Amino acid sequence: MNYLRTYDIKFLKGVGPKRAELLKKELGITSGYDLVRHYPTHYLDRSKIYTIRELSDDMPYVQLRGRFVSFNTIGEGAKMRLVGLFSDGSATLEVVWFRRIKAIRDSLNTGVEYILFGKPSSYMGIKQMSHPEIDTPSSVAAMHPVRGVYPLTERLRNANISSRSFATWISTLLASRPNIADPLPRSVIADNRLMPLRQALNEIHNPTDPEQLRLAKLRLKFDELIYIQADMLRRANRRKSQSLGHRLTRVGEIFNRFYRECLPFDLTDAQKRVIKEIRADVNTGRQMNRLVQGDVGSGKTLVALMSMLLAVDNGLQTCLMAPTEILATQHFETISSMVAPLGLKVDLLTGSTPSRHRREIHEGLADGSLSILIGTHAVIEDTVQFKKLGMVVIDEQHRFGVAQRAKLWNKNDIPPHVLVMTATPIPRTLAMTVYGDLDVSVIDQLPPGRKPVETLLRYDEQRQQVYRAVFGQLRLGRQIYIVYPLIEENEKLDLRSLQEGYEIVRQTFKDYKVAFVHGRMKPAEKDYQMGLFASHQADILVATTVIEVGVNVPNASVMIIENAERFGLSQLHQLRGRVGRGADQSYCILMSKYKIAATTRKRLELMTQTSDGFIIAEADMQMRGPGDIEGTMQSGIPFDLHIANLASDGQIIQLARNAAEKLLDSDPTLSAPENNLFARELAAASRGNQDWSKIS
Ligand code: ADP
Ligand code: MG
């Protein structure tokens, strides 16, 4: 495969330097390797011919068979277009060209039978097709019966590069390279009964039958995934065998005093177990990299704090990084008040920390007097230098995968111990990929006395009834969250409905104080409003999903989610986790339109039936499609994926993981001759590989 990597596509017949430049710009395709990995998104059966009469706008690309009745040029200058009237006996269709008008007109005749291939549309009730591919019936009969449809961009289309161009180039390239070396070791191919690479490439571009195509996809997905898994495992192995870590041997004064004097409750057994696991890790002389998973409210903050105190006891500094300013502030407040009796220096650094305060923080970090720094991404900026950073806690940041964690290495000679906290229950195989180099602990127990949140689905028509229930809770002294969706695409509209919602809530609950917060506010204003609610100066908080993660107000007993039909399941689960944190019965009310799609209703009903984060995560992925989750996760790994899907290819991830384990067990450094090509591919596949020297 390697020499396809070095094959410059500008030398390929039909490409040339200009198009090569465009392909690079538009799709990042530069080598023969990139080109054969530009896979079809779907396939068309060339034997299927539609009639014009049955066409509708929502159809994808189709084939028609018929004759041109007439051609007319309409308009002038830049607006000029060629319109051909095309008939197949069932109806007529306008075929429109905006470019290359003369050449096209010269190449076509009326009365001759053609096969058109294009995307149907309609304009003022008239059926149309623009810039179709045009063939004669005999040439179509000679073609491969199934054709791949390749992703294109507008610029490529304008340059007259079509799906067929890709098909042709790829066929030419594959035909000229009968022996593509297969980088997977033979044992891996045999164990997993994989299709040989060459055959898989042929099959995916020119499928012969559905079963063969399935096997080809499996093979190509497996390829992508085994590199990720091998990379993750190698990182983990190296870390365990080589990389130094601070040895935190001492459980000292600070940890013990905190345990005896500051802890307002007993730890749950799960918390104790996880702390034990962490203590074992940090005592090995190797760097700890551990993921702590625990559902919302399971008490991860405390586990993080106690781990940090362990580091402080051993003369090291620590930092905790949260995804938002609000959450960082809240962590700062909780932690600084909990450790107040210990006399430790704790500080908060965010994007809005004034420069004078920032300088103070830098000084404290440099002279070692600042023990615990809490903040947003601001804490990993290069200007932030610690004297002796011993532990980093990363809270609820799902984009913070292996690629971002690597940055932390630059902070000190001996890498800090890393603890990643997440409440988002991601499916196991996905975690294996994004957090595949981490050891995992699970807090599978909630603190005692929590009552499960009662979740209800209510329609807009029942709003008055819902408000009556809210009044009941307010009179008991409880607090209420009301959450509105805020989605990028129609942000303006959403902001308006949020504002309107806020007004209605204020008028409805006149005797109560209402706080108001959304992501577009200035941080100071946001903090002020959040503060009102956290300190119970406000009874109701109207907000967007900025409160999704981590915010902790145990007295809040009702979470109303407006337009719940617009939220994903995992998001609803996170939001619901904001209530049910105290001893009182709490409620989550999902407000929705009555008329919603059946799948949406199913999603909302599932929320009323279960509070198990893992069930919800799995269902979310199946219902919503993996796109979202995958996009977020992809940024955490240093590999590009063309065909494998982190969210939906769980089974293949597992296969690839097993194969990578077996391979590295038998040849940890991948230096056996039969693994040579695999090692080279692994190095080449990892994006920005040079920057990784620090880790590996
Ligand atoms: P999460 O895991 O969602 O980050 P938090 O750490 O915010 O959860 O904890 C949720 C709430 O539970 C906090 O108010 C915290 O003080 C409380 N808590 C944590 N551990 C315990 C415990 N062992 N017993 C009682 N309450 C606890
Ligand atoms: Mg938390």
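Tabulated values for the structure
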| quantity | calculated |
| --- | --- |
| Counted residues, the range 164-188 - those being farther than 30 Å from Glu133 by Cβ, over 30 Å from the mean Cα position of the chain (by Cα) and in a helix (DSSP H, G or I) | 2 |
| Test for Ile254: is it in a helix (DSSP H, G or I) and more than 15 Å from ligand 1 (Cβ to nearest atom) | yes |
| Candidate set: the range 549-568, residues that are within 16 Å of ligand 2 (Cβ to nearest atom) and either surrounded by fewer than 21 Cβ atoms within 10 Å (Cβ to Cβ) or in a strand (DSSP E or B) (or both); chosen: the one modelled with the highest pLDDT | Ala556 |
| Test: residue in the range 232-242 that is at pLDDT below 90, within 30 Å of Gln317 (Cα to Cα) and not in a helix (DSSP H, G or I) | yes |
| Set Tyr227, Tyr259: member being assigned to a helix (DSSP H, G or I) and buried (at least 19 other Cβ atoms within 10 Å of the Cβ) | Tyr227 |
| Any hit, the range 573-583, residues being within 15 Å of ligand 2 (Cβ to nearest atom), of a type outside the set (Phe, Trp, Tyr) and in contact with a His (Cβ under 9 Å, 6 or more places away or on another chain) | no |
| Number of the condition not met by Lys272 [criteria: (1) within 11 Å of ligand 1 (Cβ to nearest atom); (2) open to solvent by 10 Å² or more (accessible area, probe 1.4 Å); (3) assigned to a loop (DSSP other than H, G, I, E, B)] | (3) |
| Residues within the range 602-613 that are open to solvent by less than 60 Å² (accessible area, probe 1.4 Å) and touching a residue at least 24 places away in the same chain (Cβ under 8 Å), tallied | 6 |
| Single residue of the range 278-330 satisfying the filter (without any contact (Cβ under 8 Å) to a residue 60 or more places away in the chain and among the aliphatic types (A, V, I, L, M)) that is nearest to ligand 1 (Cβ to nearest atom) | Leu302 |
| Some residue of the range 129-150 being touching a helix residue (DSSP H, G or I) at 6+ places or on another chain (Cβ under 9 Å) and more than 29 Å from Ala216 (Cβ to Cβ) | yes |
| Residue pairs meeting the criteria (Cβ under 8 Å; at least 6 apart or on separate chains; first within 16 Å of Phe98 (Cα to Cα), in the range 149-166; second in a loop (DSSP other than H, G, I, E, B)) | Arg157/His131; Asn158/Arg99; Asn160/Arg99; Asn160/Arg100; Ile161/Leu152; Ser162/Leu152 |
| Every pair of residues 6+ apart whose Cβ atoms lie under 7 Å, when the first sits in the range 532-546 and is on the phi < 0 side of the Ramachandran plot while the second is assigned to a loop (DSSP other than H, G, I, E, B) and open to solvent by 40 Å² or more (accessible area, probe 1.4 Å) | Gln537/Lys513; Ala538/Lys513; Asp539/Tyr512; Asp539/Lys513; Ile540/Tyr512; Thr544/Leu486; Thr545/Leu486; Val546/Thr324 |
| Filtered residues of the range 339-370 (kept if more than 19 Å from Thr324 (Cβ to Cβ), surrounded by 12 or more Cβ atoms within 10 Å (Cβ to Cβ) and in contact (Cβ under 8 Å) with a residue 60 or more places away in the chain) | Val339, Leu342, Leu344 |
| Every pair of residues 6+ apart whose Cβ atoms lie under 8 Å, when the first sits in the range 37-51 and is over 12 Å from Phe166 (Cα atoms) while the second is open to solvent by 80 Å² or more (accessible area, probe 1.4 Å) and β-branched (Val, Ile, Thr) | none |
| Test: Leu55 is hydrophobic (A, V, I, L, M, F, W, C), in contact (Cβ under 8 Å) with a residue 24 or more places away in the chain, in contact with a strand residue (DSSP E or B) (Cβ under 8 Å, 6 or more places away or on another chain) and within 30 Å of Arg5 (Cα to Cα) | no |
| Wholly within the range 33-152, strands (runs of 3 or more DSSP E) carrying at least 1 residues that are open to solvent by 70 Å² or more (accessible area, probe 1.4 Å) | 42-45, 62-74, 81-87, 92-97, 120-123, 126-130 |
| Among the candidates Arg478, Arg458, residue that is within 20 Å of Gly580 (Cα to Cα), touching a strand residue (DSSP E or B) at 6+ places or on another chain (Cβ under 7 Å), within 16 Å of ligand 1 (Cβ to nearest atom) and charged (D, E, K, R) | Arg478 |
| Checklist (1) open to solvent by 30 Å² or more (accessible area, probe 1.4 Å); (2) in contact with a Gly (Cβ under 7 Å, 6 or more places away or on another chain); (3) more than 16 Å from ligand 2 (Cβ to nearest atom); (4) of a type outside the set (Phe, Trp, Tyr) applied to Gly285, failing item | (1) |
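The values are calculated or read from the model by the stated rules, or taken from the named source; none is laboratory data. The structure displayed is predicted, hence computed values, not measured ones. Methodologically, a virtual Cβ is constructed for each residue, glycine included, from the backbone with ideal geometry; neighbour enumeration extends over all protein chains shown. These accessible areas exclude ligands, DNA and RNA; they are computed on the full protein's heavy atoms, side chains included. Shrake-Rupley method; radii C 1.70, N 1.55, O 1.52, S 1.80 Å.
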